[in-house]
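Report on one structure; see the data block that follows.
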Amino acid sequence: MGINYRSAEEIEKIRAANHIVMSAHKRLKEILRPGVTTAYLDKEAETVIRDLGGRPSFKGYRGFPATLCVAVNDQVVHGIPDDTTVVEGDIIGLDLGAEIYGYYGDAAQTLPVGEVSESAKELMDVTERALMAGIETITPGRRLSDVSHAIQTLVEDAGYYVVTAFVGHGIGTSPHEEPQVPNYGRPGRGPMLRKGMVLAIEPMVNIGTSEVRVLDDKWTVKTVDGSLSAHFEHSVAITENGRDILSAQLS
Ligand code: MG
């Protein structure tokens, strides 16, 4: 065990896996509209991944039955796609992973369905900005908890709450590797950030509480107070001088 430091060749394979992930995300953004089911989104994501030669890495992972983790409104993460129809005003978290050549990619976004409330827009904006604040903190020689602290600070300054029960993670030849990447914590702690580390950084942010609960399906995570939740994630490699977002948006 321990942290893996990846060669340039390995990082290109992780980038290839993330390219597949982002191709599926691009497709999801195109087709998301009021009236579609989460099962339809799941099927489309799986088709994109397989057409590009990849394998959906969440499917079968610890028994998860689908390609896509969905999270509608007060759901935080890990919802199972089904015949639920999304409606105007919903926000929907979409998290997916893919494997190719034995390497993994992982990224998440939260999208509005049609026109959504101002508070939902602000929550999504803050969550995405928290992810970017964490990523921008990455510099070789700083410590892992500097990333965590940057995320927590941005979220709490905006008046929201980070979820503490789930964390980001290393990624490479397994979908989840060391180290864990919490979205909270005091700065200056944990492993030194070094060239070759690849981290999946993924703040989950709630409007009203950091507390969450898992539903009877053993997967779906919700906020305990029913307030909205958003989730964004990128897979990021640490380079000589800074960082390289391997799951960068496709143009
Ligand atoms: Mg992840």
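So here's what we get for this one:
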| item | result |
| --- | --- |
| Of all residues in segment 80-129 being away from the ligand (no atom under 15 Å from the Cβ) and under 14 Å from the mean Cα position of the chain (by Cα), the one that is nearest to Glu177 (Cα to Cα) | Glu128 |
| Selection from segment 183-217 of residues that are of a type in the set (A, V, I, L, M) and closer than 26 Å to Gly105 by Cβ | Met192, Leu193, Met197, Val198, Leu199, Ala200, Ile201, Met204, Val205, Val212, Val214 |
| Of the criteria (1) of a type in the set (Ser, Thr, Tyr); (2) surrounded by 19 or more Cβ atoms within 10 Å (Cβ to Cβ); (3) away from the ligand (no atom under 16 Å from the Cβ), which one Thr139 fails | (2) |
| Any hit, segment 70-84, residues being surrounded by 23 or more Cβ atoms within 10 Å (Cβ to Cβ), over 16 Å from Val221 (Cβ atoms) and at pLDDT 95 or above | no |
| Positions within segment 213-242 being charged (D, E, K, R), under 23 Å from Gly170 (Cα atoms) and under 17 Å from the mean Cα position of the chain (by Cα), in sequence order | Glu233 |
| Inter-residue pairs, beta-carbon under 6 Å, first more than 23 Å from Glu9 (Cβ to Cβ) and away from the ligand (no atom under 16 Å from the Cβ) and in segment 179-202, second among the β-branched types (Val, Ile, Thr) and modelled with pLDDT of 95 or more, 6+ apart | Tyr184/Val162; Tyr184/Thr164 |
| Residue check for Asp217: in contact (Cβ under 8 Å) with a residue 60 or more places away in the chain, open to solvent by less than 50 Å² (accessible area, probe 1.4 Å) and out of contact with any Phe, Trp or Tyr (no Cβ under 8 Å at 6 or more places or on another chain) | no |
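The values are calculated or read from the model by the stated rules, or taken from the named source; none is laboratory data. Computed from a predicted structure; not experimentally measured. Glycine gets a Cβ as well: all are built from the backbone with ideal geometry, and neighbour counts include every protein chain shown. Ligands, DNA and RNA are excluded from the accessible area calculation, which covers all protein heavy atoms including side chains. Shrake-Rupley method; radii C 1.70, N 1.55, O 1.52, S 1.80 Å.
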